[in-house]
1. Which pairs have Cβ atoms under 8 Å, sit 6 or more apart or on different chains, and link a residue in the stretch 32-55 that is among the polar types (S, T, N, Q) to one that is surrounded by 11 or more Cβ atoms within 10 Å (Cβ to Cβ) and outside any loop (DSSP other than H, G, I, E, B)?
2. Do any residues in the stretch 5-26 that are without any contact (Cβ under 8 Å) to a residue 40 or more places away in the chain have Cβ atoms under 7 Å from those of residues that are in a helix (DSSP H, G or I) and basic (Lys, Arg), where the two are at least six apart or on different chains, and which pairs are they?
3. Select from the stretch 49-71 the residues that are outside any loop (DSSP other than H, G, I, E, B), surrounded by 11 or more Cβ atoms within 10 Å (Cβ to Cβ) and of a type outside the set (A, V, I, L, M, F, W, C) and list them in ascending order.
4. Among the residues of the stretch 1-35, how many are acidic (Asp, Glu) and not in a helix (DSSP H, G or I)?
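Coordinate-derived values only; no laboratory data. As the structure is a computational prediction, the values presented were derived from the model and not from experiment. Here the Cβ positions follow ideal geometry from the backbone for every residue, glycine too, while neighbour counts run over all protein chains shown.
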Amino acid sequence: MKKIKNENELLKEAIRVGTRYFEARGAGKFESTDHIDAKTRAIYLLLVKDKVIQPLAAQEESVQNMRHKLAIWISKNLPENHHLL
């Protein structure tokens, strides 16, 4: 997968927004000690379940690819003039 500009910062924003979505949806609550990979996987799976994003192919389902997918998701949902774009 091609790396996108500001991918790490976009991932942080995706985790922040995804956490709010996850908790508002009633899927659970993250603790401050939860690893970012666990948050990434949980948010990705919920977004796939809710059909917000398209799932990765089974052989490509890794945390690194999930991170990339979340960065793409948030980049498409930010306003055009956002500083991360």
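1. Qualifying pairs under 8 Å: Thr40/Leu11; Thr40/Ile15; Thr40/Val63; Thr40/Met66; Thr40/Arg67; Thr40/Leu70; Gln54/Val48.
2. As it stands, the answer is Thr19/Lys39, since those pairs meet every condition given.
3. Within the stretch 49-71, Lys49, Glu60, Gln64, Asn65, Arg67, His68, Lys69 meet the criteria.
4. Selection size over the stretch 1-35: 2.
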